[in-house]
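Everything on this sheet refers to the single structure shown next.
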Amino acid sequence: KRRFLIGLGHNQVAAAELRLSPLRSGSGPQRQEQKLEPEQARRSRGPRLLPPASTEIVQCEDRSLVYCMEIMPVRERLLVASGTAFREVLLWTPLEESKGKVLLRVRGHAGAIFGLA
C-alpha cells in the first residue's frame, strides 16, 4: 500500500492511498499508424494518478495550533513533527495502531515554532 499525507491545521493530517490507472496497451497496427500531437502522446502512455478512493483525517491527541509541520519516514513508518504556538515540538504517528498519539513532547523553545529542519 502506498499512501501520501498532507499536513493540515490544528495538528491534523489527511491520509490517502495512492492509486494508479493500469498501463494502456500500445500494440496493434492502428496504434502504430495513429499520429498524435505531443500533448496527446504524453497523455496516452503509462499509468496515471487517480483520485484517492478515500481520505482519512487523522487528528493528533494534542489539538494545539500548529505553525509548522514536517512529515518524515523513520524505519518503515511515518512520523509527524509539529511546531506549536505553545513553544513545543510534538512527535506523533499518523498511521499505526497508536494513530494520533504523541510519542515525544519537546518543551523550552523561546517562542512559537515557525520552522523545523
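Just so you know, all these numbers are worked out from the coordinates, no wet-lab data involved. Computed from a prediction, not measured in an experiment: that's the story for all the values here. All Cβ positions, even for glycine, are placed from backbone atoms using ideal geometry, and neighbour counts span all protein chains on display.
Other residues within the sphere of radius under 12 Å centred on the Cβ of PHE86, judged by their own Cβ, net out at +2 (K and R +1, D and E -1). Across segment 53-66, computed HN-Hα scalar couplings (Karplus, 6.51 cos²θ - 1.76 cosθ + 1.60, θ = phi - 60°) run 5, 8, 10, 10, 9, 10, 9, 5, 5, 9, 8, 4, 5, 9 Hz from first to last residue, x flagging Gly and Pro. Applying the Karplus relation 6.51 cos²θ - 1.76 cosθ + 1.60 with θ = phi - 60° to segment 67-74 yields 3J(HN,Hα) values of 9, 7, 8, 10, 10, 9, x, 9 Hz, where x marks Gly and Pro.
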